[in-house]
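**Student:** Can you read through this structure? Questions will come right after.
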Amino acid sequence: MKDTVGLAVISYAHLHAPRYTAAIVEHPHARLVAIVGYGENAEVARAEAQRYGVPYCTTLDDLATLSGVDAVYLASEPKDHRHLVAWASEQGWHVLCDKPIATTLTDAAAIVHIAQQAGIKLMVPFNPRYQLPVQRIKSELESGEAGELIAVNALKYGKLPVWAQSPQRAEWFLDPARSGGGGFLDIGIHALDALRWLSNSDPARIYARVGTYIHTGQVAEDLGTLVVEFANGVIGTLSAGWVNPQGFPGWLDIGFEVLTTRRAYHVYSPYHSLSIYTQDRAERRAWWRRDVYGLVDEFVSAIQEDRDPAITGEDGLIALAMAFAAYESSRTGQVVEFKEWLQRQLKPLSSSTRTGETPP
Amino acid sequence: MTSIVRVGLIGCGNIGARAHAPAYAHIPSAQLVAVCDVNTTRAHAVARATGATPYFDYHEVLARDDIDAVDICLPTYLHAAVSVEALRQGKHVLCEKPMAVTLEEADAMITAAREANRVLMIGHVRRFDPRYTTVKHALVQGEIGHLVHVRRAERQHLPFPGDAWYWHPHAGGGIFLDIGVHVTDLFHWYFATEPETIFALGRQIRPEAQAARSFDHAVLLITFPDGRIAQAEISWAYPPHFGRSQYALLELIGTQGRLVYSDRDAAPMLVYDSNDGLDLPTYFRFMSALEEAFVAEIAHFIAVVRGEAELLITPEDARTALALAIAAETSAREQRPVSWQEVAP
Ligand SMILES: NC(=O)c1ccc[n+]([C@@H]2O[C@H](COP(=O)([O-])OP(=O)(O)OC[C@H]3O[C@@H](n4cnc5c(N)ncnc54)[C@H](O)[C@@H]3O)[C@@H](O)[C@H]2O)c1
């Protein structure tokens with residue numbers, strides 16, 4: 001077993017990057033090797049490299065010359081994921097690829113395929129899987145002590161990314177060509193994976209309404225509500241989007257309501273938080289993002305133990321497909337029969353698209 | 001009419017005896033003169049508590065010329081027949097929700113009221129509940145801009161045995177009708193426009209629901225023009241000690257902000273009981289509505305009968321709530337979205 005896994009962070013486009021870098025640095029079996037300033041926010045990436053005392057690379061080629069890299073964390077714009085996963089797999093490096101896995105199902109399928117062919121580990125970090133209350137619910141479902149699962153309601157409300165008080169620029173989040181969609185996709189996708197994980201089943205039917213209600217003309221969509229019936233009969237719902245007003249104390253509002261034949265669980269704050277009130281501001285702040293440490297630890301452990309990570313590229317693809325099925329249902333007003341629909345979406349994938357090249 | 005309105009209460013069960021009967025003491029312009037239940041013990045008990053005369057056959061109440069109005073708190077399957085009969089006898093009618101079990105019945109009630117030129121009001125008590133009127137007021141004032149999304153939950157462990165009429169699809173209508181009309185009326189009231197489509201999933205979770213072949217758990221997604229969304233979970237399948245303080249949840253999203261209410265917010269008191277664990281609050285007597293809401297509802301009905309007010313909830317509004325609840329059940333049974341046109345008047 002490898003004692004230490006060398007990790008490079010590629011890109012600071014995503015607002016998550018600083019948090020993951022910090023978790024990598026703190027992990028006892030991970031070593032931050034370098035940071036690459038790929039795309040947006042290169043100056044922030046450079047400052048972070050300096051702060052952590054690791055090499056800063058301006059190009060992928062620079063990174064390729066460094067030794068000691070076993071894996072990369074991709075925090076680029078999702079539109080670049082396919083290209084970057086293909087490149088990393090050529091180096092034989094494992095990939096922790098931030099969500100959404102891609103901006104299209106074609107790219108998502110290609111990414112899964114590329115990783116498989118190269119024999120690298122591919123993981124997509126979905127936070128709820130490492131939030132303590134959600135993990136507790138999952139384990140009580142698995143042990144049978146909670147009885148049978150009936151329904152899960154999930155909520156994920158955030159603010160418009162460009163409102164973030166961060167040196168990182170976030171305009172690209174608002175452009176679906178670069179991000180894959182809008183607010184429902186951006187923050188809802190974590191919960192879509194959580195619904196599937198908790199239900200322990202795959203979606204059978206999806207019905208949804210998604211649209212731009214608040215930030216008209218600025219975003220692909222800012223709010224969506226989905227009802228999903230899983231193959232095993234579990235009901236899931238999700239309401240998600242960039243709907244929190246500036247005055248909301250804190251950034252996210254997350255909820256999970258779970259009903260089983262024996263229990264009801266309500267999780268309205270999955271993080272360890274505190275509140276700060278000043279003359280002009282009320283803020284609820286998480287002081288421990290245990291989920292990020294859990295995700296990084298799972299990725300590092302999967303590499304060390306040479307096993308599949310708990311959240312795979314396939315999981316990333318299905319979560320993306322659930323969001324896109326919601327778009328489809330919203331557009332047509334019809335129920336989407338998920339399995340058949342996904343097969344139809346993936347069928348046109350010819351072998352020529354199964355490479356790292358983004359088709360013209 | 002400026003004199004005191006003389007009322008007969010028909011049905012002295014849960015809601016009749018506990019919520020409606022005591023309300024009259026707070027309404028000076030009304031007098032409860034007759035109370036009726038086929039269960040003589042119940043009729044006597046309420047008669048003793050209120051000073052009204054007990055009856056065991058509602059026809060005798062309707063036959064009394066000195067009674068102006070009846071307050072119908074019967075099981076849902078009797079709402080239409082007794083309302084129509086009362087209206088035809090010239091009585092004004094306040095009838096508990098749901099309006100009826102079928103839309104044909106609801107339409108017959110509307111017609112009977114029109115022909116008799118009498119007031120027909122359905123007891124959609126949420127419209128008189130200070131929690132929900134406060135929210136409505138905030139909406140009308142534009143405090144969160146234009147309303148675009150509502151999420152609502154009404155959930156509990158229904159405490160009644162399997163042979164109670166509540167469970168039966170043609171008697172109480174199961175969760176879709178009994179609780180469904182509360183949420184569909186709230187959606188219609190808050191969006192203040194006609195809906196477009198209804199989608200729902202239903203489940204038969206508890207043995208009582210399975211035996212009755214009716215639903216006890218459901219989720220609803222109702223859309224209003226411009227894709228605006230109303231989402232609800234309604235359930236009787238929560239665990240027995242599921243706290244009453246968890247019963248109601250209401251979350252609104254507007255173009256300028258969010259508004260959130262839950263019964264937890266209405267309860268600055270925690271009670272830890274060695275049998276029931278933790279719950280709050282103990283000063284709501286009922287699970288889902290404040291006592292004050294019933295008083296306000298009945299007082300409004302009396303004011304309308306006296307010609308002092310216009311109906312805040314018309315029979316057509318109540319029909320809309322029922323039509324949406326029925327459409328939701330159809331959606332769940334037939335596994336398809338239902339268009340409002342299918343159930344619109
Ligand atoms: N607004 C609310 O929040 C709310 C709450 C609870 C119930 N309700 C509605 O109120 C209605 C009554 O509910 P409940 O819980 O009080 O039911 P219940 O069964 O406790 O009471 C009904 C009463 O009607 C009596 N009855 C039956 N047939 C009769 C007849 N032919 N003549 C005279 N009496 C007769 C029964 O003996 C019983 O006492 C239902 O439609 C229910 O949906 C509304």
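**Student:** Can you tell which of B:A200, B:A153 is within 26 Å of B:A237 (Cβ to Cβ), touching a strand residue (DSSP E or B) at 6+ places or on another chain (Cβ under 7 Å) and more than 16 Å from the ligand (Cβ to nearest atom)?
**Tutor:** After ruling out the rest, the residue left standing is B:A200.
**Student:** Here's something else I'd like to know. From the residues in the range B:275-295 that are within 16 Å of the ligand (Cβ to nearest atom) and open to solvent by 40 Å² or more (accessible area, probe 1.4 Å), which one is modelled with the lowest pLDDT?
**Tutor:** So the first thing to find is which residues in the range B:275-295 are within 16 Å of the ligand (Cβ to nearest atom), and the list is B:284-295.
From what's left, open to solvent by 40 Å² or more (accessible area, probe 1.4 Å): B:285, B:287, B:291-292.
Numbers: B:R285: 68, B:M287: 72, B:E291: 85, B:E292: 91.
It comes out as B:R285.
**Student:** Within the range B:329-344, identify whether any single residue is under 30 Å from B:H20 (Cα atoms) and either modelled with pLDDT of 95 or more or away from chain A (no Cβ under 14 Å) (or both), and answer yes or no.
**Tutor:** Checked against the condition, which is being under 30 Å from B:H20 (Cα atoms) and either modelled with pLDDT of 95 or more or away from chain A (no Cβ under 14 Å) (or both), the range B:329-344 yields at least one hit.
**Student:** Mind listing whichever residues of the range B:1-32 are more than 16 Å from the ligand (Cβ to nearest atom) and free of Cβ contacts under 8 Å to residues at least 60 places away in the same chain?
**Tutor:** The answer is B:S3, B:I4, B:A25, B:P28, B:Q31.
**Student:** Next up: Restricting to the range B:327-336, name every residue that is open to solvent by less than 100 Å² (accessible area, probe 1.4 Å) and farther than 16 Å from B:E194 by Cα. Reasoning before the result, please.
**Tutor:** First, the residues of the range B:327-336 that are open to solvent by less than 100 Å² (accessible area, probe 1.4 Å): B:327-332, B:336.
Within the range B:327-336, B:E329, B:T330, B:S331, B:A332, B:R336 meet the criteria.
**Student:** Continuing with this model, one more query. Which of the following residues is within 19 Å of B:F294 (Cβ to Cβ), open to solvent by 30 Å² or more (accessible area, probe 1.4 Å) and either hydroxyl-bearing (S, T, Y) or in contact with a Gly (Cβ under 6 Å, 6 or more places away or on another chain) (or both): B:T102, B:T76, B:T40, B:T50?
**Tutor:** After ruling out the rest, the residue left standing is B:T50.
**Student:** Still on this structure: Tell me the strands (runs of 3 or more DSSP E) entirely within the range A:186-277 that contain at least 2 residues that are within 30 Å of A:S143 (Cβ to Cβ), without any contact (Cβ under 8 Å) to a residue 40 or more places away in the chain and open to solvent by 20 Å² or more (accessible area, probe 1.4 Å).
**Tutor:** So the answer is A:264-267.
**Student:** Return yes or no: is A:A86 free of Cβ contacts under 8 Å to residues at least 40 places away in the same chain and over 19 Å from A:A319 (Cα atoms)?
**Tutor:** Criteria not met by A:A86.
**Student:** Still on this structure: Which count do you get for residues in the range B:110-124 that are in contact (Cβ under 8 Å) with a residue 40 or more places away in the chain and not in a helix (DSSP H, G or I)?
**Tutor:** Residues in the range B:110-124 being in contact (Cβ under 8 Å) with a residue 40 or more places away in the chain and not in a helix (DSSP H, G or I): 6 in total.
**Student:** If you check every pair at least six apart or on different chains, which have Cβ atoms under 7 Å apart with a residue in the range B:53-69 that is within 14 Å of the ligand (Cβ to nearest atom) first and a residue that is of a type in the set (S, T, N, Q) and not in a loop (DSSP other than H, G, I, E, B) second?
**Tutor:** B:F56/B:T40
**Student:** Kindly establish whether B:R127 is within 15 Å of the ligand (Cβ to nearest atom) and assigned to a helix (DSSP H, G or I).
**Tutor:** yes
**Student:** Also: Any residue that is away from the ligand (no atom under 16 Å from the Cβ), within 14 Å of chain A (Cβ to nearest Cβ) and in contact (Cβ under 8 Å) with a residue 24 or more places away in the chain - is there at least one of those in the range B:186-194?
**Tutor:** Within the range B:186-194, one or more residues are away from the ligand (no atom under 16 Å from the Cβ), within 14 Å of chain A (Cβ to nearest Cβ) and in contact (Cβ under 8 Å) with a residue 24 or more places away in the chain.
**Student:** Sticking with this structure for a sec: Tell me which of these B:H168 doesn't satisfy, since it passes every other one: (1) surrounded by 19 or more Cβ atoms within 10 Å (Cβ to Cβ); (2) within 14 Å of chain A (Cβ to nearest Cβ); (3) under 18 Å from the mean Cα position of the chain (by Cα).
**Tutor:** (2)
**Student:** Consider the range B:305-324. How many of its residues are touching a His at 6+ places or on another chain (Cβ under 8 Å), closer than 13 Å to B:L94 by Cβ and in a helix (DSSP H, G or I)?
**Tutor:** Residues that pass the stated criteria total 2.
**Student:** Looking at the range B:195-225 only, could you name the residues that are in contact (Cβ under 8 Å) with a residue 60 or more places away in the chain and within 14 Å of B:A325 (Cβ to Cβ)?
**Tutor:** B:P195, B:I198, B:F199, B:A200, B:G202, B:F215, B:A218, B:L220, B:I222
**Student:** Given the structure, is A:L84 under 22 Å from the mean Cα position of the chain (by Cα) and over 10 Å from A:V9 (Cα atoms)?
**Tutor:** Against the criterion (under 22 Å from the mean Cα position of the chain (by Cα) and over 10 Å from A:V9 (Cα atoms)), A:L84 qualifies.
**Student:** Now a separate question. Please specify each residue of the range B:85-101 satisfying the condition of being more than 14 Å from the ligand (Cβ to nearest atom) and either at negative phi or under 20 Å from the mean Cα position of the chain (by Cα) (or both).
**Tutor:** B:L87, B:R88, B:Q89, B:K91, B:H92
**Student:** Restricting to the range B:205-222, count the residues that are more than 21 Å from the chain's Cα centre (by Cα), within 11 Å of chain A (Cβ to nearest Cβ) and either in a loop (DSSP other than H, G, I, E, B) or buried (at least 24 other Cβ atoms within 10 Å of the Cβ) (or both).
**Tutor:** Residues that pass the stated criteria total 2.
**Student:** Just checking, which of A:G119, A:G183 is more than 21 Å from A:A17 (Cβ to Cβ) and open to solvent by less than 60 Å² (accessible area, probe 1.4 Å)?
**Tutor:** Within the list A:G119, A:G183, the selection yields A:G119.
**Student:** Test A:R285 against the criterion of being under 17 Å from the mean Cα position of the chain (by Cα) and at pLDDT below 90, and give yes or no.
**Tutor:** no
**Student:** Moving on. Among the candidates A:L238, A:L185, A:L226, single out the residue that is under 25 Å from B:A328 (Cβ atoms) and under 17 Å from the mean Cα position of the chain (by Cα).
**Tutor:** Within the list A:L238, A:L185, A:L226, the selection yields A:L238.
**Student:** Mind listing just one residue for me: the one in the range B:112-124 that is buried (at least 24 other Cβ atoms within 10 Å of the Cβ) and more than 10 Å from the ligand (Cβ to nearest atom) and, of those, nearest to B:L250 (Cα to Cα)? Don't jump to the end; show me each part of the working.
**Tutor:** Filtering the range B:112-124 for residues buried (at least 24 other Cβ atoms within 10 Å of the Cβ) gives B:120-124.
Remaining after also requiring more than 10 Å from the ligand (Cβ to nearest atom): B:120-121.
On the way: B:L120: 29, B:M121: 25 Å.
Step by step, filter the range B:112-124, then rank; the result is B:M121.
**Student:** In addition: Going by the conditions given, is A:A264 touching a Pro at 6+ places or on another chain (Cβ under 8 Å) and over 16 Å from A:N127 (Cα atoms)?
**Tutor:** Numbers: touching a Pro at 6+ places or on another chain (Cβ under 8 Å): yes; over 16 Å from A:N127 (Cα atoms): yes.
Judged against the criteria, A:A264 is a match.
**Student:** Answer yes or no as to whether B:V181 is out of contact with any strand residue (DSSP E or B) (no Cβ under 8 Å at 6 or more places or on another chain), within 30 Å of B:G254 (Cβ to Cβ) and open to solvent by less than 50 Å² (accessible area, probe 1.4 Å).
**Tutor:** For B:V181, the condition - out of contact with any strand residue (DSSP E or B) (no Cβ under 8 Å at 6 or more places or on another chain), within 30 Å of B:G254 (Cβ to Cβ) and open to solvent by less than 50 Å² (accessible area, probe 1.4 Å) - is met.
**Student:** Among B:I175, B:I198, which is more than 24 Å from A:L223 (Cβ to Cβ) and surrounded by 22 or more Cβ atoms within 10 Å (Cβ to Cβ)?
**Tutor:** B:I175
**Student:** Is it the case that B:H137 is closer than 23 Å to B:E233 by Cα, away from the ligand (no atom under 12 Å from the Cβ) and either open to solvent by 20 Å² or more (accessible area, probe 1.4 Å) or outside any helix (DSSP H, G or I) (or both)?
**Tutor:** In short, no.
The values are calculated or read from the model by the stated rules, or taken from the named source; none is laboratory data. The structure displayed is predicted, hence computed values, not measured ones. Virtual Cβ from ideal backbone geometry, glycine too; neighbours counted across all protein chains shown. Surface areas here come from the heavy atoms of the whole protein model, side chains and all, with no ligands, DNA or RNA. Shrake-Rupley method; radii C 1.70, N 1.55, O 1.52, S 1.80 Å.
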